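Presented below is the structure to which this report refers.
The values are calculated or read from the model by the stated rules, or taken from the named source; none is laboratory data. These numbers come from a predicted model, not from an experiment. Don't worry about glycine lacking a Cβ; one is built from the backbone with ideal geometry, like all the others, and counts go over all protein chains shown. Ligands, DNA and RNA are stripped out before the accessible areas are found, and what is left, the full protein with its side chains, is counted by its heavy atoms. Shrake-Rupley method; radii C 1.70, N 1.55, O 1.52, S 1.80 Å.
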Amino acid sequence: MYRYPRPPSSEITPRHVFEQRRSLMKGMAAGIALGGIGTSPALMARELRDVTETDFGQDLSPTPMDAIRGYSNFYEFGTAKDDPREHAHQLQTDPWSVRVEGLVDNPGTFAVEDLINRFQLEERIYRLRCVEAWSMVIPWIGFELRQLLKAVQPTSEARFVVFETLHDPEQMPGQKEDLLDWPYREGLRLDEAMHPLTLMAVGLYDDPLPKENGAPIRLVVPWKYGFKSIKSVVRIRLQKEQPTSSWQAVRPEEYGFYANVNPNVKHPRWHQATERRVGETGRRKTLMFNGYEAEVADLYKGMDLEKHF
């Protein structure tokens, strides 16, 4: 039976705060203007009501909504942490669809509203660890990626799953710069993509995803560094060959394909043993696999995690 992750005692929220968590979260979310929220009529009409609360991260203290929206890496809108919030309002998220293709028996193009109606949404509070050594705790709303993959039925040859972000420099002015070879691409091994922790998120804090955080649909892989959790996904492809992800292509000495949170692997520019959680003072110890070691370590049994970083 699958067990929900259990955080260390240092991250456990006091009981009186935990008991008020839902009301606090709703109040914080309601206090944010919706101008930057993904405004698909189907998402707004549903108001993400049919969401199953789970035990994922119930003892963690979520990062405030305003901090999540105001501090992010989404280079399609600029390289500064506040650029996504400044510029993402121009992104048109309605209509939006995701194409699933490649080594599958049932390829197709799926409207976001069809996905959120087809698959059960859950709230999961996950840690997020950036390779830049800052972190957050985010209450995502989404569905397990494996549900979608099972629906399209990967063939026996499929080994990897490749994700692609929208490419539209008029809506995403950062794509006019040559920082990366656009569109942004990321990849997972098929078994990683099929893991029950791997989420396709469509909301956070009881609301649809803000545009600056990857509206209307993004990947969330909580045991990997944040750049693996690709935003504003438009295409998913299953293939036999291991893909090269966008950051891996431009700086392979810094960004490996696996990108597992591993405090023992040094980064040329950022010390990985500790992290700064946004909104807190001081630093905390970085946990192996971002605290999900018990759930995912078996995926990498026998691998040299310093070589396959």
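Quick rundown of the values:
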read-out	value
Check on residue 252, part of a loop (DSSP other than H, G, I, E, B), out of contact with any His (no Cβ under 6 Å at 6 or more places or on another chain) and free of Cβ contacts under 8 Å to residues at least 40 places away in the same chain	yes
Subset of the stretch 96-113 (residues that are modelled with pLDDT of 95 or more and open to solvent by 40 Å² or more (accessible area, probe 1.4 Å))	97, 99, 101, 103, 105, 106, 107, 109
Residues satisfying the stated conditions in the stretch 50-62, i.e. under 26 Å from residue 115 (Cβ atoms) and assigned to a loop (DSSP other than H, G, I, E, B)	50, 54, 55, 56, 57, 58, 62
Whichever residue in the stretch 221-250 is open to solvent by 10 Å² or more (accessible area, probe 1.4 Å) and β-branched (Val, Ile, Thr) and, among such residues, is nearest to the chain's Cα centre (by Cα)	234
Pairs where the first residue, in the stretch 102-123, is small (Gly, Ala, Ser) and the second is open to solvent by 20 Å² or more (accessible area, probe 1.4 Å) and in a helix (DSSP H, G or I), C-beta under 9 Å, 6+ apart	108/151; 111/42
Candidate set from the stretch 251-287 (those that are β-branched (Val, Ile, Thr) and touching a helix residue (DSSP H, G or I) at 6+ places or on another chain (Cβ under 9 Å)); member that is surrounded by the fewest Cβ atoms within 10 Å (Cβ to Cβ)	278
Residue check, residue 82 within 26 Å of residue 53 (Cβ to Cβ), open to solvent by 10 Å² or more (accessible area, probe 1.4 Å) and free of Cβ contacts under 8 Å to residues at least 24 places away in the same chain	no
Which numbered condition residue 115 fails, given (1) assigned to a strand (DSSP E or B); (2) closer than 20 Å to residue 211 by Cβ; (3) of a type outside the set (D, E, K, R)	(1)
Of all residues in the stretch 163-190 being among the acidic types (Asp, Glu) and loosely packed, with under 15 Cβ neighbours inside 10 Å, the one that is nearest to residue 149 (Cα to Cα)	181
Pair list, Cβ under 6 Å, 6 or more apart: the stretch 211-228 residue assigned to a helix (DSSP H, G or I), other residue among the basic types (Lys, Arg)	212/69; 212/85
Qualifying residue in the stretch 87-94 (condition: part of a loop (DSSP other than H, G, I, E, B) and β-branched (Val, Ile, Thr))	yes
Cβ-Cβ under 9 Å pairs, at least 6 apart or on other chains, the stretch 187-199 side over 16 Å from residue 259 (Cα atoms), far side part of a loop (DSSP other than H, G, I, E, B) and polar (S, T, N, Q)	199/229
Matching residues, the stretch 118-161, being open to solvent by 10 Å² or more (accessible area, probe 1.4 Å), more than 29 Å from residue 280 (Cβ to Cβ) and in a strand (DSSP E or B)	144, 154, 160
Complete set of residues in the stretch 206-218 that are surrounded by fewer than 24 Cβ atoms within 10 Å (Cβ to Cβ) and not acidic (Asp, Glu)	218
Residue 126 touching a residue at least 60 places away in the same chain (Cβ under 8 Å) and over 19 Å from residue 230 (Cβ atoms)	no
Residues satisfying the stated conditions in the stretch 145-189, i.e. out of contact with any strand residue (DSSP E or B) (no Cβ under 6 Å at 6 or more places or on another chain) and among the aliphatic types (A, V, I, L, M)	148, 149, 151, 172, 179, 180
Leading residue by the ranking (modelled with the lowest pLDDT) among those in the stretch 258-307 that are of a type in the set (Phe, Trp, Tyr) and in a loop (DSSP other than H, G, I, E, B)	270
